[in-house]
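J.: Can you read through this structure? Questions will come right after.
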Amino acid sequence: MDRGILVVVSGFSGAGKGTLMKRLLEKYDNYALSISVTTRSPREGEQDGREYFFRTRKEFEELISQDQFIEYAQYVGNHYGTPKPYVEEQLRSGKDVILEIEIQGALKVKERFPDTLLLFVSPPSAQELKKRLEIRGTETEKSIKDRLSRAKEEARYISDYDHLLVNDDLETCVDVMHMVIQSEHHRLGRNREYVQKIRQELEAL
Ligand code: 5GP
């Protein structure tokens, strides 16, 4: 079994990443979504162990000292981290593992694992982003303001990503994401063993 691809999906808060991930996993097989640890409080409807592992600041720091994270970062006053064991295990079993994380974390992962595929999800316009955050109804006015100001900062790093996905129509965006990830499997750099094998076979004919 070939090792899976590590895929990082980032995008402004409100770009629709959560819905996109949920739909991708419903529609297509062979993906595993990593569940992060966070110190932020659960939103209404969120469950511990499903959207996130909700932990205290102290517990989060313990996990850091035990080297349990692939990466961790701070976002609008809260801490978020990607647990290592699950990701390793799923990649080994051949699944493409998706990390839905913000930019600082994404760039750390890319530095540590250079063959990570970085995808950036963006709304059709800034106005649409603001509207989505307001309609969602889960954020306070202050949190919306902070998230929009963070988006402005994050926009500077979009060009560090490999692919841009504009999330206008959900189904189209899901299909494009699947296509991009699948085409990554065919990149020559990921198929060195096959190339070696076919060369040897041809020599032996
Ligand atoms: P939210 O509070 O809206 O669920 O997430 C805030 C931001 O934190 C989002 O951009 C989300 O992608 C990011 N995030 C979630 N989990 C992690 C993680 O494990 N590491 C990092 N670096 N960012 C994360």
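J.: Compute the accessible area per residue over the chain, keeping the other protein chains in place, probe 1.4 Å, unit Å².
T.: So the chain comes to 59 Å² accessible per residue, rounded to a whole number.
J.: Let me ask another. Starting from the 7 Å offset along Cα-to-Cβ, what nm value, one decimal, do you get for the label separation of Val76 and Glu44?
T.: With each label placed 7 Å out from Cα toward Cβ, I get 1.7 nm.
J.: Would you grab the residues whose amide H sits under 5 Å from the one on Leu33? Only those 5+ places off in sequence or on another chain, please, with H modelled 1.01 Å from N.
T.: Result for Leu33 returns Ile98.
J.: So what is the 222 nm mean residue ellipticity for the chain from helices alone, if each DSSP H run of at least 4 adds -39500 (n - 2.57) and you divide by all residues, rounding to the nearest 500 deg cm²/dmol?
T.: About -14000 deg cm²/dmol.
J.: Right, next: What is the distance in Å between the Cα centroid of the stretch 40-74 and that of the stretch 163-205?
T.: Cα centres, the stretch 40-74 to the stretch 163-205: 33 Å.
J.: A further question follows. Rolling a 1.4 angstrom probe over the protein chains, ignoring ligands and nucleic acids, what is the accessible area of Lys22 in square angstrom, nearest 10?
T.: 130
J.: Still on this model: So what J values fall out for the stretch 48-65 if you push phi through Karplus, 6.51 cos²θ - 1.76 cosθ + 1.60 with θ = phi - 60°, rounded to Hz, Gly and Pro as x?
T.: 4, x, 9, 6, 8, 9, 8, 10, 6, 4, 5, 4, 4, 5, 5, 4, 4, 5
J.: Would you mind telling me the antiparallel percentage of the DSSP bridges in the chain, rounded to 5?
T.: Percentage antiparallel, nearest 5: 30.
J.: Would you list Ser143, Ser149 from the most to the least accessible area, probe 1.4 Å?
T.: Result of the area sort, largest leading: Ser149, Ser143.
J.: Over the stretch 35-93, what relative contact order in percent results from Cα pairs under 8 Å that are six or more residues apart?
T.: The normalised contact order for the stretch 35-93 reaches 36 percent.
J.: Before anything else, pin down the relative contact order of the chain: Cα pairs under 8 Å, at least 6 apart, normalised by residue count, whole percent.
T.: Result for the chain is 30 percent.
J.: To check you understand DSSP bridge types, tell me what percent of the beta bridges within the stretch 35-93 (both residues inside) are antiparallel, rounded to 5.
T.: DSSP beta bridges in the stretch 35-93 are roughly 65 percent antiparallel.
J.: For the full complex of protein chains and a 1.4 angstrom probe, list Lys58, Lys17, Lys197, Lys95 by accessible area with the highest value first.
T.: In descending accessible area the options line up as Lys58, Lys197, Lys95, Lys17.
J.: In bins 10 Å wide, starting from 0, what share of all Cα pairs of the stretch 35-93 does each bin hold, as a percent?
T.: Percent of Cα pairs in each bin: 23, 53, 22, 2.
J.: Can I ask one more? Please report, as a whole percent, how much of the solvent-accessible surface of the chain comes from carbon and sulfur atoms (probe radius 1.4 Å).
T.: Of all accessible area on the chain, carbon and sulfur atoms account for 50 percent.
J.: Would you check the accessible area of Asp162, probe 1.4 Å, heavy atoms only, in square angstrom rounded to 10?
T.: 70
J.: So how much accessible area does Phe53 have, in Å² to the nearest 10, using a 1.4 Å probe?
T.: Its accessible surface works out to 70 Å², give or take rounding.
The values are calculated or read from the model by the stated rules, or taken from the named source; none is laboratory data. Keep in mind it's a predicted model, so treat the numbers as computed, not measured. Heads up, the Cβs are rebuilt from the backbone with ideal geometry, glycines too, and the neighbour counts pull from every protein chain shown. With ligands, DNA and RNA removed, areas are computed over all heavy atoms of the protein, side chains included. Shrake-Rupley method; radii C 1.70, N 1.55, O 1.52, S 1.80 Å.
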